[in-house]
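Written below as structure tokens is the structure these notes are about.
Any read-out appearing in this document is the output of simple, stated calculations on the displayed coordinates, not a laboratory observation. Please read all numbers here as calculations on a predicted model, not as lab measurements. Cβ sites come from the backbone with ideal geometry, for glycine too, and all protein chains shown count toward neighbours.
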Amino acid sequence: MIIGLIGKANVGKSTFFNAATELAVPAANYPFTTIQPNMGVAYARVKCVCREFGVQDNPVHSMCIDGNRFIPIKLIDVAGLVPGAHTGKGLGNKFLDDARQADALIHVVDASGSTDSTGKTIPAGSGDPMFDINFVEEEFDLWMASIVSRDWNKTAREAENQGQKLEQMLSKRFSGLAISEHQVFAAVHESGLAPKKPTFWSEDDILRFCKILRAKAKPFLVAANKADLPTAEASIQKVKNAGLVVIPCASEAEAMLKRASRKGILHYLPGDNSFEIKPGVLLNEQQKKALEIVNGLLERYGSTGVQEAINVACFNLLHLIAVYPVEDELKLSDKKGNVLPDVRLMPAGSTAKDLAGTVHADLAKGFLYAVDARTKQRIGAEHQLKNSDVIKIVSASSRG
């Protein structure tokens with residue numbers, strides 16, 4: 001699962017990326033430590049089940065801090081976008097190539113309105129974040145439409161003559177874009193194009209289909225960055241009024257809190273609504289003033305917005321649930337004795353057998369049953385999992 005970070009130049013996207021991927025905790029052997037230059041590791045934050053069960057956990061592939069589990073996910077910093085990107089303007093091709101990998105998108109916009117469409121500085125409040133949001137959507141839709149339209153009539157005729165299903169043909173068009181046949185099928189029907197032969201689809205039909213498919217396959221939220229500036233409030237309200245998912249955000253404040261936490265000045269966890277200055281720490285006047293501003297921001301919005309944006313992308317846009325696989329349902333441990341060693345982010349509706357497949361393909365192949373660690377009851381392969389389930393998998397393969 002990959003979350004893409006998009007936005008035009010000079011909106012604080014890089015600051016958001018750095019703040020999201022730099023957790024102020026001791027380094028450890030976590031997944032994705034070897035990454036591409038434009039890829040980083042962010043963390044979804046969930047309430048860990050360790051305190052519910054009254055155990056001291058020992059995570060191997062994630063972190064638990066003060067009863068909060070931080071689950072690593074991939075965050076890709078997509079190239080900046082300008083109007084006309086779908087035709088190759090600016091870094092358009094790079095943007096679209098990177099964005100195609102993402103399962104969900106966080107669109108960082110300058111809520112203060114202090115940058116124009118190319119990212120150049122203009123008087124605060126004179127820029128329009130809604131323009132930025134709309135042109136990014138339009139560029140994405142036009143790019144997807146160009147993929148569908150390429151040799152469309154020829155492909156559509158061949159598909160009709162061969163009796164190929166429409167959704168299968170379209171899915172082939174979007175191979176490599178992390179778009180499922182199910183999503184294509186839903187978009188075809190929602191656009192009202194199912195009864196219409198593909199050879200009769202117009203350019204408007206294709207664009208309408210792509211708009212719906214993009215919303216389903218690449219859902220996005222707006223991170224209204226620079227929310228701490230005076231001109232941001234009106235813009236944030238404007239985006240909310242448009243019915244979009246918007247998170248007020250101050251990336252620089254998050255980065256500052258993490259730096260202070262790493263230096264031992266503060267106790268702060270990403271997503272907290274407050275921070276504590278550690279005993280014995282003496283602050284200079286500049287530090288006090290900066291922390292007063294950040295404290296006011298936290299009181300106003302409840303967080304800096306960075307962690308909230310990551311969580312909303314995972315749990316609201318992608319509808320993921322957190323499930324803890326264990327090998328001993330009594331001790332909640334693996335074979336090495338690590339308690340609650342792992343947690344998997346699974347799509348809502350996933351089954352016990354699906355969970356087995358994420359651990360090892362052989363476990364799913366030899367699946368016999370699973371055990372719910374809370375109830376100690378056996379559950380079958382098709383049992384749908386719930387958020388925070390702790391599950392033991394019993395497989396013919398694991399009995400060796």
Separation between Cα centres of region 208-259 and region 359-378, rounded to whole Å
40 Å
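Within a 10 angstrom radius of the beta carbon, how do W152, W201 rank from fewest other beta carbons to most? Show your work: numbers first, answer last.
On the way: W152 17, W201 20.
The order, fewest Cβ neighbours first, is W152, W201.
What relative contact order, as a whole-number percentage, does region 321-399 give when Cα pairs under 8 Å and 6 or more residues apart are counted? All intermediate terms of the calculation are to be shown ahead of the outcome.
Numbers: 170 pairs, mean separation 29.5, N = 79.
Worked out over region 321-399, it gives 37 percent.
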Most to least packed among 104-110, 300-306, 328-334, 352-358 [average Cβ atoms within 10 Å]:
104-110, 300-306, 352-358, 328-334
Checked against the positive end of the charge dipole of region 321-399 (+1 on Cβ of Lys and Arg, -1 on Cβ of Asp and Glu, about the Cα centre), the farthest of V394, A322, G357 is V394
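So, with +1 on the Cβ of K and R and -1 on the Cβ of D and E, and no other charges, what is the size of the charge dipole of the chain about its Cα centre, to the nearest 20 debye? Display every interim value, and only then the final one.
Working: 47 positive and 45 negative charges, 140 e Å.
That gives the chain a dipole magnitude of about 680 debye.
Pairs of Cα atoms under 8 Å, at least six residues apart: use those to get the relative contact order of the chain, whole percent.
Details: 745 pairs, mean separation 65.7, N = 400.
In percent, rounded to a whole number, it is 16.
With a 10 Å radius around each residue's Cβ, average the other Cβ atoms per peptide and rank 273-279, 40-46, highest first. It would help to have the intermediate numbers written out before the result.
Details: 273-279: 11.9, 40-46: 22.4.
Those peptides, ordered most packed to least, come out 40-46, 273-279.
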For the pair T199 and S117, how long in nm is the line joining their label points, each one 7 Å along Cα→Cβ?
3.9 nm
Links exceeding 31 Å between C-alpha atoms in this model, out of K47/K172; K8/K258; K278/K376; K218/K353, come to K47/K172; K278/K376
Among L282, A19, L177, which residue has its Cα positioned farthest towards the positive end of the charge dipole of the chain, with +1 placed on the Cβ of Lys and Arg, -1 on the Cβ of Asp and Glu, and the dipole taken about the Cα centre?
L177
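In what sequence, highest mean first, do 182-195, 9-22 appear when ranked by Cβ atoms within 10 angstrom? Don't jump to the answer; show the numbers that get you there.
Working: 182-195: 16.2, 9-22: 21.7.
Most protected by this proxy first, the peptides run 9-22, 182-195.
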Ranked on Cβ counts within 10 Å of their own Cβ, fewest leading, Y324, Y369 go Y369, Y324
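Can you give the calculated 222 nm mean residue ellipticity of the chain, where each DSSP H run of n ≥ 4 adds -39,500 (n - 2.57) and the sum is split over every residue, rounded to the nearest 500 deg cm²/dmol?
On the way: 15 runs with 148 residues, N = 400.
That comes out to -11000 deg cm²/dmol.
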Net charge of Cβ neighbours under 10 Å - reference D103; Lys, Arg +1; Asp, Glu -1:
+2
For D128, D389, what's the fewest-to-most ordering of other Cβ within 10 Å of each Cβ?
D128, D389
Which of E285, E299, E158 moves the most in a Gaussian network model of the chain with Cα springs under 10 Å?
E285
